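Asker: My questions all concern the structure below.
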Amino acid sequence: MLGKLTVLILGASLLVWAANPKVADANAKVKAGKYEEAIAVLEPLHKAAPKDAEVTSALANAHLKYGDYFMYNEQLPPRQKYRPALKQYRTVLKYDPANKDAAVKIKTIETIYKQMGMPVPE
């Protein structure tokens, strides 16, 4: 008879084994800062299986990290960072409407535009 710990370990092993290798590849690309490549891998997977939670989560995360790349890139001036960051964060909400991190960042960027007296990009 298997103990509870053994069952948990076996269950976790099966979850890792069952994970989509393309999603794992895309997650590695995100970690390496290759956001566009990751998104290019994930978007066709999402179109093929829009209810796949693993793919949807990975796609939302890729867009979030890509938005962060723009938002927190000190090499980019404000005119070059806020618009693409905003676009990425809005895309996160398309895939994960409950993502509070993206919602807060959208609000921050919108506030920055308003404080500068500029229209918020659509």
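Asker: Work out how far the C-alpha atoms of the chain reach from end to end along every principal axis, then list the three figures in whole Å, largest first.
Answerer: 69, 28, 26
Asker: Then there is this: Compare the Cα positions of V30, Y66, V120 along the charge dipole of the chain (+1 at Cβ of Lys, Arg; -1 at Cβ of Asp, Glu; about the Cα centre) and return the one farthest towards the positive end.
Answerer: Positive-most Cα among the choices belongs to V120.
Asker: Are any of the pairs K34/K94; K34/K114; K29/K81 more than 27 Å apart by Cα-Cα distance, and if so, which?
Answerer: Result: K34/K114 exceed 27 Å.
Asker: Moving on. With θ set to phi - 60° and the Karplus curve 6.51 cos²θ - 1.76 cosθ + 1.60, what are the ³J(HN,Hα) couplings of the stretch 56-67 in order, to the nearest whole Hz, using x for Gly and Pro?
Answerer: Couplings: 4, 5, 5, 5, 4, 5, 4, 5, 4, 5, 5, x Hz.
Asker: Normalised by the residues of the stretch 21-115, what does the relative contact order come to in percent, with Cα pairs under 8 Å and at least six apart? Let's see the in-between values first.
Answerer: On the way: 96 pairs, mean separation 20.6, N = 95.
That works out to 22 percent.
Asker: Right, next: Karplus couplings for the stretch 105-122 from phi (6.51 cos²θ - 1.76 cosθ + 1.60, θ = phi - 60°), rounded to Hz, Gly and Pro as x?
Answerer: Calculated HN-Hα couplings, in order: 5, 4, 4, 4, 5, 4, 5, 4, 4, 5, 5, 7, x, 10, x, 6, x, 7 Hz.
Asker: Evaluate the distance, in nm, between pseudo-label points positioned 7 Å from the Cα of K47 and of L76 along their respective Cα→Cβ axes.
Answerer: 2.5
Asker: Helix 4-18 sits at what angle to the longest principal axis of the chain, using alpha carbons and giving 0 to 90 degrees rounded to 10?
Answerer: Roughly 60 degrees, rounded to the nearest 10.
Asker: If you place +1 on the Cβ of every Lys and Arg, -1 on the Cβ of every Asp and Glu, and leave all else neutral, what size is the dipole of the chain about its Cα centre, to the nearest 20 Debye?
Answerer: I would put it at about 240 debye.
Any read-out appearing in this document is the output of simple, stated calculations on the displayed coordinates, not a laboratory observation. From a predicted model like this one, the values you see are computed outputs, not experimental measurements. Don't worry about glycine lacking a Cβ; one is built from the backbone with ideal geometry, like all the others, and counts go over all protein chains shown.
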